[in-house]
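The values are calculated or read from the model by the stated rules, or taken from the named source; none is laboratory data. Since we're looking at a predicted model, the values are computed, not measured. Here the Cβ positions follow ideal geometry from the backbone for every residue, glycine too, while neighbour counts run over all protein chains shown. Protein only, heavy atoms only, side chains kept; ligands, DNA and RNA dropped before computing areas. Shrake-Rupley method; radii C 1.70, N 1.55, O 1.52, S 1.80 Å.
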Amino acid sequence: MRGPTHRRRPAIQGKNDVGAHFDMPSLATTVTASPEASTTTHTGAHPRIAQLVVMAAGVVFGDIGTSPLYAIKECVDPGHGVDPTRANLFGLLSLVFWSLTMVVTVKYLTFIMKADNRGEGGILALLALVPPRRDGRSKGIGLVAGLVIFGAALLYGDGVITPAISVLSAVEGLSVATTRLTPAVIPLTVAILIGLFAVQKRGTASIGGIFGPIMLLWFFTIAVLGLWQVVHFPAVLGAVHPIHAIRFFARHGHQGFLVLGSVVLVITGGEALYADMGHFGRRPIRVAWFALVMPALLLNYFGQAACVLRNPAAASNPFFSLVPSVLLYPMVLLATAATVIASQALISGAYSLTRQAVQLGFFPRVTIVHTSGTSEGQIFVPEVNVALAIACVWLVLSFKESTALAAAYGIAVTGTMGITSIVYFVVLTRSWKWPLWKALPLVGLFLSFDLPFFAANALKFFHGGWFPIAVAVCLFTVMTTWKSGRAALGQTLADRMLPIDMFVADIDNHRPYRVPGIAVFMSSNPTGVPIVLLHYWKHNHVLHETVVLLAIMSEPIPEVPATDRIEGKDLGRGLFQVTAHYGFMQTPKVPEVMRQAAERFRIPYAPDRTSYFLGRETLLTSGESAMFRWRKTLFSFVSRNARSATQYFGIPADRVVELGMQINL
């Protein structure tokens, strides 16, 4: 007799690849956050706002907080900057002040952070707010999704450059103390970077508690150092007036425009404010910015300019010129600690971005190690860690100076910022239904900063800017090929699937022999019989006493609550259908799914009597799909080298049976 049906409200269609694959029509979702949506979902468990502010200072603002080490230095560098005259420094300070104000304060803290996907921020979360096409169809990846994927790929370039330039610029302070230590700068930087990546597997839980206090000390120190110089040269505060920036461009013309490529270094951590919103919430990030970070940064930037005006020789390294000689070595140590923390934030961000891309179907499965038993967000991805470590060390050994690396830095950040503005416009007009007369001026204001900054950095393409672009193009090619390949494969498999009711009728007709035990047949399409089950039935003509059709669905939302995660249905004849839903910030574990399904839907389950059946496809490239031959070859190569579903979903290896099949794309 057929048992009861257990349902919850229809889930948003997602995708993942487990044994057999299906195509998710779009990243777009019907979940639409309002401009006033609260982001307290993830922060309600934290006891005090002050604690969150300290934590935000240590994690969110590490990148932008260490920019004083090299930003002003690059603006007055003899090779590509301007002379450190009073008029030029006032113009640069005006640009710095208004860039921080308009880009970070107005754009991100005031507007962009209102676009949250159930409390989560970041460019992939922003894409999930874009509503689906009215006709319900999705042709390929689409322009908006393509832009976001390229923006996400650019963030990997940022994740490579940030550790290299931050640590190198801090260690270069030794050269200010004594030229005898100059030969040790590169080896010491490489050693610190190798050590940083070597400890990633231990997780950040054990050291995360000291990040905030160290960064508080950092911001307090740079504020005091800057204030001391401003007190001795208070006239520098007049640079706040925007007329100095206007006069700067009037004097220098094209050269002034090129200097924007160095000014942008002061806002390189802006995108992190939005990406880390889900960890802390809007309010703690805003409080930390207005009460601590922005005042400290401005005091230090203005102090550096005052120091250079009082002593032109300080232009060679304005930041460390602020430091009294007796405190120089302790300051190098503190700066190195701050840059390591800033690097840690970018590295952890690369891990999270990778997991999101995997769950949303834009990246092959990778190894995801949870380094904390209490925090879902603390993960370690060995493949990404090794790639970042090799790239960072190569950058330091190749570019050798933070000045050379600075040329490669801004293009990745400004590219992502511009894409964020464009996608935000789509959200405003299509999701929040803003009229064009209201949305265009706002986004136009954002782009009036984003586009000049990007253009100025694009001119440095042949001086190092090619590196993040090359990284982004390679990753973009892999991600779009993977998405398109899985879609083509999913369609091929869907065409071969059999409706569940027809399979049940076939069982009634043939009355197969039932062997003892529990068989779990995995698929990522809950609408039909898994191909691997049909393959098994075709060759063996027997079934286990209990057969579970298990589908893992990835939803384009950050997290699916535990109460809504699993739905099940008793199909009768010992057959059960189970569908598990996970957000892109979660990693599914199949044994846990089966345990919960057994408790909720009374499915017979015993771990030592359960076998998991997965399909392993051999991909052929001679089919007639729309993909180019080279993309089919790339997809086949990546598919063969992706982490197995057995490992990714935490299935005991000795309980897995893989059935091979050939698929012609």
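In region 552-608, which residue that is part of a helix (DSSP H, G or I) and of a type in the set (Asp, Glu) is surrounded by the fewest Cβ atoms within 10 Å (Cβ to Cβ)? Among those that are part of a helix (DSSP H, G or I) and of a type in the set (Asp, Glu), it is ASP608. Answer yes or no: is there a residue in region 273-281 that is in contact with a helix residue (DSSP H, G or I) (Cβ under 9 Å, 6 or more places away or on another chain), open to solvent by 30 Å² or more (accessible area, probe 1.4 Å) and more than 30 Å from ALA458 (Cα to Cα). Yes, the conditions are met somewhere in region 273-281. For region 339-359, the criterion of being among the hydrophobic types (A, V, I, L, M, F, W, C), open to solvent by less than 20 Å² (accessible area, probe 1.4 Å) and more than 19 Å from LEU388 (Cβ to Cβ) is met by none of the residues.
When VAL548, VAL520 are screened for being farther than 23 Å from ILE663 by Cβ, open to solvent by less than 10 Å² (accessible area, probe 1.4 Å) and of a type in the set (A, V, I, L, M, F, W, C), only VAL548 passes.
From the list ASP83, ASP77, the one residue that fits, being more than 25 Å from the chain's Cα centre (by Cα), at pLDDT 90 or above and not in a helix (DSSP H, G or I), is ASP83. Criterion first (more than 20 Å from LEU154 (Cα to Cα), polar (S, T, N, Q), modelled with pLDDT of 90 or more and open to solvent by 10 Å² or more (accessible area, probe 1.4 Å)) does SER321 satisfy it? Taking the combined requirement at face value, the residue satisfies it.
If you go through region 385-412 and keep only what is crowded, with 20+ Cβ neighbours inside 10 Å, in contact with a Phe, Trp or Tyr (Cβ under 8 Å, 6 or more places away or on another chain) and aliphatic (A, V, I, L, M), you end up with LEU388, LEU395, LEU405, ALA406, ALA408, ILE411.
Output yes when any residue across region 423-430 is within 22 Å of ASP63 (Cβ to Cβ) and either in a loop (DSSP other than H, G, I, E, B) or hydrophobic (A, V, I, L, M, F, W, C) (or both), and no when none is. Among the residues of region 423-430, at least one is within 22 Å of ASP63 (Cβ to Cβ) and either in a loop (DSSP other than H, G, I, E, B) or hydrophobic (A, V, I, L, M, F, W, C) (or both), which makes the answer yes. If you go through region 250-261 and keep only what is within 17 Å of LEU459 (Cα to Cα), open to solvent by 10 Å² or more (accessible area, probe 1.4 Å) and not aliphatic (A, V, I, L, M), you end up with HIS252, GLY253, HIS254, GLN255, PHE257. If you go through region 249-271 and keep only what is more than 29 Å from the chain's Cα centre (by Cα) and outside any helix (DSSP H, G or I), you end up with just GLY253. Checking each residue in region 609-623 for being among the aliphatic types (A, V, I, L, M) and open to solvent by less than 30 Å² (accessible area, probe 1.4 Å) picks out LEU614, LEU619. Flag set for THR492, criterion: over 30 Å from GLY261 (Cβ atoms), touching a residue at least 60 places away in the same chain (Cβ under 8 Å) and in contact with a strand residue (DSSP E or B) (Cβ under 7 Å, 6 or more places away or on another chain).
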